[in-house]
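Asks: Input: one structure, supplied below.
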Amino acid sequence: IVLTLAGTFRNFLLRPRVQGFDNVTHDDAPLIQATLRGDSQAYGKLVQKYQDRLLTALVHICSSRHEAEDALQDAFVQAYLKLSSFAGGSGFCTLLYRLAFNTAISRRRRKREESSGGQNRELTGEEPADDGERVDENLLRQERAVQVQRALAKLSDEHRSILVLREVEGCDYDHIADILDLPVGTVRSRLHRARLHLKEELSAILQAEGSGE
């Protein structure tokens, strides 16, 4: 089975690509200002605003929902402690993603030698839907999602992060450069290499499974 990269992410990852940053950051400034004035509920609204989409991204980084949730919580705490550095809302989302990705990668490196058994269900947090005639289709999609996750997990931290930001989060090159603190040219070249490596890893997984290895 030959899968294009676009098809791999958009069709076989179990959650759809979310809207880009430009559509979600416009009202951060009032919430930040309210938080700095002592309104704890305002920061709660920031958490609610970003937690679901950021958790989805972190699951792909950590290959574990539990680890992703812990990284997410740490990132929100760190972002809160740094909140006074923002006179307005500009840059909060970038800071939050940078903290979250750095935390997730650090946690992943510490856990790298631990057993990965039983992760398939944890990766998605969902069970295949039982809807009669479509059950085979859902099981196939579940299988493809696991294959993609396995291929993604074999990539370096740098390549996995940049693929998630581009293909799952839908970030443009400038946002990726800000989050990862890289020149835009480096983002382009690293993304190109990451896509090639993902295709290689996914192809190897499909071939191995096809041959029964």
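Asks: Find all pairs meeting these conditions: Cβ atoms under 7 angstrom apart; at least six residues apart or on different chains; first residue within the range 55-71 and hydroxyl-bearing (S, T, Y); second residue part of a loop (DSSP other than H, G, I, E, B) and surrounded by fewer than 24 Cβ atoms within 10 Å (Cβ to Cβ).
Replies: Short answer, once both residue conditions are applied: T56/R15.
Asks: Is there any pair linking a residue in the range 22-39 that is within 15 Å of A79 (Cα to Cα) and at pLDDT 90 or above to one that is in a loop (DSSP other than H, G, I, E, B) and open to solvent by 60 Å² or more (accessible area, probe 1.4 Å), with Cβ under 8 Å and at least six apart or on different chains, and which?
Replies: Filtered contacts from the range 22-39: no entries.
Here's the yes/no breakdown for (1) assigned to a loop (DSSP other than H, G, I, E, B); (2) more than 22 Å from R108 (Cα to Cα):
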residue: C171; (1), (2): yes, yes
residue: R188; (1), (2): no, yes
residue: L198; (1), (2): no, no
residue: A204; (1), (2): no, yes
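Asks: Looking only at the range 64-93, which residues are of a type outside the set (F, W, Y) and crowded, with 20+ Cβ neighbours inside 10 Å?
Replies: Matches in the range 64-93: S64, E67, A68, A71, L72, A75, A79, C93.
Asks: Something else now. Within the set of pairs 6 or more residues apart or between chains, which connect a residue that is farther than 17 Å from L96 by Cβ inside the range 166-178 to a residue that is surrounded by 22 or more Cβ atoms within 10 Å (Cβ to Cβ) and at pLDDT 90 or above with Cβ atoms less than 8 Å apart?
Replies: Qualifying pairs under 8 Å: R166/I176; Y173/V187.
Asks: Here are R109, R193, R121: which of them is modelled with pLDDT of 90 or more and out of contact with any Ser or Thr (no Cβ under 9 Å at 6 or more places or on another chain)?
Replies: R193 is the lone residue from the list that is modelled with pLDDT of 90 or more and out of contact with any Ser or Thr (no Cβ under 9 Å at 6 or more places or on another chain).
Asks: Follow-up. Within the range 139-187, work out how many residues are of a type in the set (D, E, K, R) and open to solvent by less than 40 Å² (accessible area, probe 1.4 Å).
Replies: The number of residues fulfilling the criteria is 5.
Asks: Can I ask one more? Identify, please: which residue in the range 155-169 is modelled with pLDDT of 90 or more and not in a helix (DSSP H, G or I) and is, among those, farthest from E209 (Cα to Cα)?
Replies: Applying the filter and picking the extreme gives S156.
Asks: Looking at A145, A151, A129 in this structure, which one is modelled with pLDDT under 90, of a type in the set (A, V, I, L, M, F, W, C) and not in a helix (DSSP H, G or I)?
Replies: Answer to the selection: A129.
The values are calculated or read from the model by the stated rules, or taken from the named source; none is laboratory data. In this text the structure is predicted, and so the values were computed from the model without any measurement. Methodologically, a virtual Cβ is constructed for each residue, glycine included, from the backbone with ideal geometry; neighbour enumeration extends over all protein chains shown. What goes into the accessible areas is simple: the full protein's heavy atoms, side chains included, and nothing from ligands, DNA or RNA. Shrake-Rupley method; radii C 1.70, N 1.55, O 1.52, S 1.80 Å.
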